Structures are given as structure tokens and as C-alpha cells.
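Student: Dropping a structure here in C-alpha cells format, bear with me for questions.
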Amino acid sequence: MQAECKQNLNQLSLLLESLSPQQYNYKSELLSGSSIGQHIRHIIEFYTCLSESFYLQLTQINYDKRERDKSIEQDAQQAILTINKLIDFLNEERVVGKADLVANFSLEDDHDCIIPSSYRRELAYCLEHSIHHQALIKISLLDQGLVHLVDDNFGVAPSTTKACQTKEVR
């Protein structure tokens, strides 16, 4: 799972290296005014929350309480630096062990759910979450005429890519 997460983060980093600050911060009407930078920040913060919980040997992971870092959202170079730190973490550590996911899924109630999980399962979640946001990033790239900067599988789940290769259906 760590190799797949590193591959995903490297894919994001390569994209960021080819974007101008204006392209990174472009607010697409197709995405309710959100920018590529906002989606990148969101992806990075989930991976960061997980890595910090692991480093601190916490038994609970709570993405709702993650730190939000506007510098990642506004500056692609800052995002690349943070991605590199996450890749270093994935290279150094064997991310295993049990942990609980803590989350509040209610709009009206302030009740946290505690769901048994593991660090590897949460890595899988971070990867799936990233792919989902990459699909949204791809919409912004299309909106800006920049979709040539990513391959056809950017923002597409690996299982979908594999199924399409065998069935020629997407």
C-alpha cells in the first residue's frame, strides 16, 4: 500500500511542477469556485494527519481535526515540499498497527463515531480519497485547457483502469 501511495503522491508532484501559480490558484466555476490548490491541500492534509498520528503513536486518527495549511493551497512549491516529506515518511516507516478512525458524520449533532481500523486501511483511504480529488482536479485542468498535463488515468481508480483495458468500457 505504501508503494501505491508514493506513486500517487509522485503523480501529484509531477503535475504541480508543470503548473504556473495562476493555474494552481485558478478558481473553476465548474468546481463551485474551488482551485487545484485547494484540492491538493485537502489531499495532503489527510496524508499528513495519518502520518502525524502514526509518528505520535496515537491510537486514534481524526481527519476532522486536521490542521489546515493555506500555504499549501496557495503555493505549489510548498505543496511539493510537503509531498516530499510524506514520501520520505512512506519510505522510512512500515505503516502498520491498529488504530481507530474518529469522525463526526452528522451536520446537526456533535457526536463522534469511533470505528475500528488500522494504519494500512487508512493509507488505502488516503489513496482513494486522493484519486477522488484528482478527478476533480482533472475537471479544472480541462476547464483551463491543461488536461494534456496528465495521463488519461489521472483521477481514475486502478480497478476501473484495469477493467477498461480488458473490456474497453469506462
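The values are calculated or read from the model by the stated rules, or taken from the named source; none is laboratory data. Predicted model, so just to flag it, every value in this text is computed and none were measured. FYI the Cβ positions are ideal-geometry reconstructions off the backbone, even for glycines, and counts take in every protein chain you see. These accessible areas exclude ligands, DNA and RNA; they are computed on the full protein's heavy atoms, side chains included. Shrake-Rupley method; radii C 1.70, N 1.55, O 1.52, S 1.80 Å.
Student: Within the stretch 143-153, how many residues turn out to be at pLDDT below 95 and either under 17 Å from Glu4 (Cβ atoms) or touching a strand residue (DSSP E or B) at 6+ places or on another chain (Cβ under 7 Å) (or both)? Step through it out loud before you land on a result.
Tutor: Filtering the stretch 143-153 for residues at pLDDT below 95 gives 151-153.
Still in the running and either under 17 Å from Glu4 (Cβ atoms) or touching a strand residue (DSSP E or B) at 6+ places or on another chain (Cβ under 7 Å) (or both): 151, 153.
Qualifying residue count, the stretch 143-153: 2.
Student: Which residue is most open to solvent (accessible area, probe 1.4 Å), if the candidates are limited to the stretch 113-156 and must be free of Cβ contacts under 8 Å to residues at least 40 places away in the same chain and assigned to a loop (DSSP other than H, G, I, E, B)?
Tutor: Asp152
Student: Further question: Out of all the residues in the stretch 84-92, is one or more out of contact with any helix residue (DSSP H, G or I) (no Cβ under 6 Å at 6 or more places or on another chain), among the hydrophobic types (A, V, I, L, M, F, W, C) and either crowded, with 18+ Cβ neighbours inside 10 Å or not in a helix (DSSP H, G or I) (or both)? Write out each step before concluding.
Tutor: Our first condition is that a residue be out of contact with any helix residue (DSSP H, G or I) (no Cβ under 6 Å at 6 or more places or on another chain); within the stretch 84-92, this holds for 84-85, 88, 91-92.
Right, trim to among the hydrophobic types (A, V, I, L, M, F, W, C) and you get none.
Scanning the stretch 84-92 turns up no residue that is out of contact with any helix residue (DSSP H, G or I) (no Cβ under 6 Å at 6 or more places or on another chain), among the hydrophobic types (A, V, I, L, M, F, W, C) and either crowded, with 18+ Cβ neighbours inside 10 Å or not in a helix (DSSP H, G or I) (or both).
Student: How many residues are in contact with a strand residue (DSSP E or B) (Cβ under 8 Å, 6 or more places away or on another chain), assigned to a helix (DSSP H, G or I) and open to solvent by less than 50 Å² (accessible area, probe 1.4 Å) if we restrict to the stretch 8-35?
Tutor: Narrowing the stretch 8-35 to residues in contact with a strand residue (DSSP E or B) (Cβ under 8 Å, 6 or more places away or on another chain): 24-28, 33-35.
Keeping just the survivors that are assigned to a helix (DSSP H, G or I) gives 24-25.
Restricting the remaining residues to those that are open to solvent by less than 50 Å² (accessible area, probe 1.4 Å) gives 24.
Total satisfying the criteria: 1.
Student: Which residue out of Val95, Val102 is buried (at least 16 other Cβ atoms within 10 Å of the Cβ) and in a loop (DSSP other than H, G, I, E, B)? Please lay out each step first, then the result.
Tutor: Working: Val102 fails: in a loop (DSSP other than H, G, I, E, B).
Checking each option against the conditions leaves just Val95.
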